[in-house]
Each structure stands twice: as C-alpha cells, then as structure tokens.
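Student: Handing you this structure, nothing more for now.
The values are calculated or read from the model by the stated rules, or taken from the named source; none is laboratory data. Source: prediction; values computed, not measured. With ideal geometry, Cβ positions are generated from the backbone for all residues, glycine too; neighbour counts draw on all protein chains shown. Heads up: the accessible areas ignore ligands, DNA and RNA and are worked out on the full protein's heavy atoms, side chains in. Shrake-Rupley method; radii C 1.70, N 1.55, O 1.52, S 1.80 Å.
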Amino acid sequence: MRDGELPTGRAHLAALFEALGSLEDDLEKIEGWGVHLARVLTGGGRLLAAGNGGSAALAEHLCGELSGRYRDDRRPLSALALHSDGASLTAIANDYGPRAVFSRLVAAHGRPGDVFLAISTSGESPNVLSAAQEALRQGLTVWAMTGRRPNPLAGQAHDALCADAGETATIQEVHQVAVHMLCAALDCRLGVSVPQRGEVAR
C-alpha cells in the first residue's frame, strides 16, 4: 500500500491486527481500570463519558453495557454518555458555544471520585479537552482513549490508552475492543456469574 492510500480489504485488516497487537502492552492498564471502575460504580459513583462522532457512539456503547449488561446479568451501574441529552447539548452550544457542551455537563453531573472517560482519536478535540479540564477541577478521575502519543488529551489525563494506529477508523476499532475488555475486567472484579443451564438470569 502506498503512503497516503486509504487502507481497504486486507490492508485494513493488516493495520488493525498490527494495532491490536500493540494493545497487549495495555492489558494490565485495562484490568486496572476495570478494578477501579467496579469500586467506583458499586460505591455510589458514576462514569461520565464523552466523544465526538464515532467516539460518541463508543461512549454510548460503553454506558449501555454498564447500565444494562455486558454479557451476564448483574446490577445496573450508573454511566452517562454526555452527548445523549440532546436538549441540554443544543442549549449549552447555543448559549455558551460548542467548546462548552461537555464541560458544562461534567460540572452538572460529575462528583469527586467519579470517573470521566474522554475519547478522542486525535486527542485534540476542543470540547473533549475542555471537559477533561473541568473534570480535573471537579476532582474526577480522568481517563483518555486516544490515538498515538503525544497528544494534549493523553498529556492531561490521569491515565491514557493510546491506540498505535494512523487511521481514525483503526483507532476507533482498537478503542471498541478496549471497551469490551474493560467491561469484562469490571464484571470479573464484581464476580458476575454465568447462569447455569436452565437457570433464568434475574
């Protein structure tokens, strides 16, 4: 594949496999995030998550796995994808500008000890950066999912998972895998059991 050529077919898969291989270096980090998040969410805290475009969809996906279930039945956990409140989002953008759409919601919903997950493939999204800064001011734990270092978001978060890939699509695919690994790590920490054959999960 020539430099600058859009990866398709086998080239797309090859780029993804290479990036997923580098994710092995973050296995301990993801497990640690799962342990920490399990403690926060079962202790009265919540997860706030934000991103734009595909990253927003990923934030919503994660929150759905937590308030619903990842695989096996368990108690619902408090998780909020900040872009999901369309009325607040548009009102804030209208009154305070687009950079403030997530930071105002972090100020409204975040509490010290909560976790804020900021997702940005570039690590440079102004509204996500502003929200991360607000989360730090409010005493939240700030995690970032981004593309390659260095980038501003990874630099200001307490911890960051940085996908080693050049294409936005590949970064998002790595982030999706990491989200599922995070959910699995959390559920394992909570001792979520698999229903026995013939047993109905409650």
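Student: Would it be correct to say that Gly21 is of a type in the set (Gly, Ala, Ser) and either modelled with pLDDT of 95 or more or closer than 21 Å to Ala131 by Cβ (or both)?
Tutor: Spelling it out, it is not the case that Gly21 is of a type in the set (Gly, Ala, Ser) and either modelled with pLDDT of 95 or more or closer than 21 Å to Ala131 by Cβ (or both).
Student: Now for a different question. Quick check: is even one residue across the range 35-47 surrounded by 24 or more Cβ atoms within 10 Å (Cβ to Cβ) and outside any helix (DSSP H, G or I)?
Tutor: Scanning the range 35-47, I find at least one residue that is surrounded by 24 or more Cβ atoms within 10 Å (Cβ to Cβ) and outside any helix (DSSP H, G or I), so the answer is yes.
Student: For the range 104-134, which residues satisfy the criterion of being in contact (Cβ under 8 Å) with a residue 40 or more places away in the chain and outside any loop (DSSP other than H, G, I, E, B)?
Tutor: Once the filter is applied, which keeps residues that are in contact (Cβ under 8 Å) with a residue 40 or more places away in the chain and outside any loop (DSSP other than H, G, I, E, B), the range 104-134 yields Leu105, Val106, His109, Val115, Phe116, Leu117, Ala118, Ile119, Ser120, Asn127, Val128, Ala131.
Student: When you go through Leu66, Leu77 one by one, which is the residue that is within 24 Å of Gln176 (Cα to Cα), part of a helix (DSSP H, G or I) and under 16 Å from the mean Cα position of the chain (by Cα)?
Tutor: Values: Leu77 fails: part of a helix (DSSP H, G or I).
After ruling out the rest, the residue left standing is Leu66.
Student: Hey, another quick one. Condition check: in contact with a His (Cβ under 8 Å, 6 or more places away or on another chain) and of a type in the set (A, V, I, L, M, F, W, C). Does Ala107 satisfy that?
Tutor: For Ala107, the condition - in contact with a His (Cβ under 8 Å, 6 or more places away or on another chain) and of a type in the set (A, V, I, L, M, F, W, C) - is not met.
Student: Under 20 Å from Ala38 (Cβ atoms), under 16 Å from the mean Cα position of the chain (by Cα) and open to solvent by 30 Å² or more (accessible area, probe 1.4 Å), is that true of Val177? Full working, then the answer.
Tutor: Details: under 20 Å from Ala38 (Cβ atoms): yes; under 16 Å from the mean Cα position of the chain (by Cα): yes; open to solvent by 30 Å² or more (accessible area, probe 1.4 Å): yes.
Spelling it out, Val177 is indeed under 20 Å from Ala38 (Cβ atoms), under 16 Å from the mean Cα position of the chain (by Cα) and open to solvent by 30 Å² or more (accessible area, probe 1.4 Å).
Student: Here is a follow-up. Need pairs with beta-carbon distance below 6 Å; first residue without any contact (Cβ under 8 Å) to a residue 24 or more places away in the chain and within the range 71-97, second open to solvent by 50 Å² or more (accessible area, probe 1.4 Å) and of a type in the set (Gly, Ala, Ser); sequence gap 6+ or separate chains.
Tutor: Pro76/Ser67
Student: Next question, about the same structure. Here is a list of conditions, (1) in a helix (DSSP H, G or I); (2) touching a residue at least 60 places away in the same chain (Cβ under 8 Å), and Leu161 meets all of them except one; can you say which number that is?
Tutor: Checking Leu161 against (1) in a helix (DSSP H, G or I); (2) touching a residue at least 60 places away in the same chain (Cβ under 8 Å), the one that fails is (1).
Student: In addition: Go through the range 10-26 and report how many residues are free of Cβ contacts under 8 Å to residues at least 24 places away in the same chain and either assigned to a loop (DSSP other than H, G, I, E, B) or open to solvent by 50 Å² or more (accessible area, probe 1.4 Å) (or both).
Tutor: 6
Student: Another question, if that's okay. With respect to Asp73, is the statement that it is of a type in the set (Asp, Glu) and more than 19 Å from Gly191 (Cβ to Cβ) true? Quick ask: steps written out before the conclusion?
Tutor: Details: of a type in the set (Asp, Glu): yes; more than 19 Å from Gly191 (Cβ to Cβ): no.
When the stated conditions are applied, Asp73 does not pass them.
Student: Going by what's in this entry, would Glu167 be described as open to solvent by 60 Å² or more (accessible area, probe 1.4 Å) and in contact with a His (Cβ under 9 Å, 6 or more places away or on another chain)?
Tutor: Yes: the conditions hold for Glu167.
Student: Would you confirm whether any residue within the range 102-109 is over 20 Å from Trp143 (Cα atoms) and surrounded by fewer than 21 Cβ atoms within 10 Å (Cβ to Cβ)?
Tutor: No, there is no match, as no residue in the range 102-109 is over 20 Å from Trp143 (Cα atoms) and surrounded by fewer than 21 Cβ atoms within 10 Å (Cβ to Cβ).
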